[in-house]
Structure formats: structure tokens, C-alpha cells
Amino acid sequence: MVARRVHPGAPPAFAMTPRVHPGPMLCYASLAMAEQSVHKWRKQRLVSLLATAQGAKTALIVTHNDPDPDAIGAAVGLAALLERRLRIEVAIACRGHVGRAENRAMVDELHIRLEPLCQLDVPRFDLVALVDAQPGAGNQPLGSLAPPAVVIDHHPLRPESSAVPFADVRPDNSSTSAIVTGYLRAARVRLSARVATALFYGIKTDTLGLARESREEDTLAYLYLQRYLDREALSRIESASVPPDYFRALDRALHETYSLDGLVIARLGTMSYPDMAAEMADFLRRLDGVRVIVAVGQYEGEVIVSVRSPESGIKLDELVQAVVRGDGSAGGHDHMAAGRVPAGLAGSPEATEEEMIRRFREALGLADLRPTPLLPRESDPE
Ligand SMILES: [Mn+2]
């Protein structure tokens, strides 16, 4: 038996962590400890992920519809892992649009090839992976014809994921890109600036630059990726230019924004891209006194709702599910969620927008309150 070299009377390692003055040193020390404890676990998960993908010559990585930076970053990261470790030829595909100017700049600046799923022969691929979404969710395009063998996600766990050969679903994590970064580290894949920047921007947007409550995995990945970033590309992505139309739409939306005791509702009407609702909801988060923001708009035969809250404690995903009911699809997280229903649900698209707003007011117990416009309407008297 080998005796462990422990100084007599030495306290256990964890008890040595100072409990007072939690300054930056303590922060780094606890991160280093977290790093060590997750390293072994990551390795085990990596072995299992690689075993699932082993033998495939081609892989298709699919994101949720209208992919956001976290979905795109996670797909690019997983592609790098499969290409570098297993020499698999990888395609990334999605359904819908990349609309937000920053997200389009991300795709352009980082030369990311996103293919429309409908143009691909899905059964041709040996392996299908789904990132930032899960089978059975209404916001992803894989039907029963192409069940994924790999799922990596951070949305609430869905029962369908238990049938997936390799599923890593961590609802506690704030981003899928951070989970994928963990695999790349465990696999010792040397990151290109392009891949690192995609992952970093994914984590940054999903965690609001770590301002939102995030897990150690998010923080560790965020710090780890720093040294590989293409900062010039990142800066161009974050300050992507927008056409004059963008400001016209913003102006229209602000004149159709109302508040009711902490609930802020923005009606966008016809949108030029589907994630404009999310963008507007994000924009209104800073309004004084706001507790829940609901942005509602129409895009290609659907009414889309996007919901945000600057505070924790309101489960927005459950709220949107209660509002959408069985009429469409809904999902998200506690602090950000979205849903969509057919535009003809209540007759016209306008009537459907109104119906969605009515349901939100009812669900939040604000049905009887009089809305206050954010800005004076042009028709209002001076
Ligand atoms: Mn995400």
C-alpha cells in the first residue's frame, strides 16, 4: 500500500479556499480547480462522442431554424472536431434565414458555409448531428426520416433525446458553443482563428458577454478562446452595417410599442427577416422598469413572438408555451424564448398578432390594464 504524502494535520484541499475577500485571485483559483475537475469528465465524454462518429466518412451538422451565433459557432466547432480528429467530411445545414446583420457578418467574415437543408440529400450522410436543438423540438428541421446520432444542446432536456446514441444536453449551460469548446480542448485540436472566433461569438451572444448567469464551462471556454481570436473580424462582426430600411423598421416598431405595468409589447408588423423580433426584444430590454418584453411580427405566413426578461425568476419558455398552446411551436430558456404560429390562426395576420398579445396579457394577469404608448403616435394631438 502506498501511503499518501499528507502533512499531518493538513486540512482537506477544499477547506483551504479562503472564504473571505473573494477578489480576482480567488476567482482564478476556483476556475483552475473547476478546470481540473471537468477535464477528466470531458475526456470520457469525448471518447464516447468519437466512438459514435467513428467509421463515418461524411457528416451533416444541422442547427435549429434561423440559426443564431451560438448554433452556428457550435456547428463550426463540431465540424472542426470531426474533420481534424476523424477525417470526416462535414457539411453544415439549416432551414430558414440568417437575418440579423451581425449574424450575417459572422457567416461572411468567418467564411462559414451554411447550406439550405432542403437542397441536400440527407440520407447520403453517414452521420447526422444536431446542435443547439433537440429532436422533437418545433424549431429544428430534422423529421423522423433523419434521426440524429449526435445531439449537443443546452435547452431543457426533451424525452426524444434519450433515444439518441450520443446526446449531451446541459440545460445549466448558457451556450452550446462552450460545450463544444470543451470537446475541442479535450481532443487537443489546435484551433484556427476562424473556429475560435465563431465559438467565442456564440458564447458571447448567448451569455450577453458572461453578464447573464453562466456556468464554469461557459467562463472557461470564454477565457480559453481569447488567445486564438481574430479580433479584427470580431470587431467587424459586432459593428456590422445595416441598410436605411433597418432604421425605418425600428422607427415603425418603436411607434407601435406599448407598456402595461412592466410588460412591454412591440408590434413589428411585416418583418424583413424572422429574427428581427428577437433583435427588437433585445433592444427593449434596457427600457426602465421593464420586466417582460414581447415582440410580435409576421414573416412568410407565420406570426413570430420573441420574449425577453432582464430579470430571472420568470420562466419565459413556459410562458411562451402556455401562450402558443398547440397552435404552433415554442421553446427557449428561462430568460429568452420564442414561438411561432400560422399567420392565419385568427383570420388575418394582424388579428393573429392581436390574439398573441391578448394571450400574453391574459397569462400575465394584465388583461384589464390600459396600455401606455412608448412614443407619441403621429396621429396623437400635440
Ligand atoms: Mn444557444
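Take the Cα atoms of the range 23-238, build their convex hull, and give its volume per residue in Å³. Measuring per residue, one finds 116 Å³ for the Cα hull of the range 23-238.
Please list 190-199, 82-91 highest first by mean number of surrounding beta-carbon atoms within 10 Å per residue. Show your work: numbers first, answer last.
Working: 190-199: 22.2, 82-91: 17.1.
Sorting 190-199, 82-91 by mean packing, highest first, produces 190-199, 82-91.
Ranked by the mean number of other Cβ atoms within 10 Å of their residues, highest first, the peptides 254-264, 174-184 fall in the order 174-184, 254-264. Charged neighbours of Arg124, selected by a Cβ distance under 15 Å, balance to -3 (K, R count +1; D, E count -1).
Our summary of shape: the Cα atoms of the chain have principal axis extents of 86, 58, 42 Å, ordered from largest down, in whole angstrom.
Cross-link partners of Lys204 among lysines, defined as those whose alpha carbon lies under 18 angstrom from its own and excluding same-chain residues fewer than eight positions apart, are absent. When the Cα convex hull of the range 143-298 is projected onto planes of every orientation, the mean area is 12.3 nm².
Assuming R0 = 35 Å, can you tell me the calculated FRET efficiency for the pair Leu210 and Leu250, based on Cβ-Cβ distance, to the nearest 0.05? Intermediate results must be reported in sequence, preceding the final value.
Numbers: r = 27 Å, r/R0 = 0.78.
Step by step, r from the Cβ atoms, then E = 0.80.
Each reported figure results from applying straightforward, stated rules to the coordinates on display, with no laboratory input. Keep in mind the model is a prediction, meaning the values are calculated, not measured. Glycine also receives a Cβ, built like all others from the backbone with ideal geometry; neighbour counts cover every protein chain displayed.
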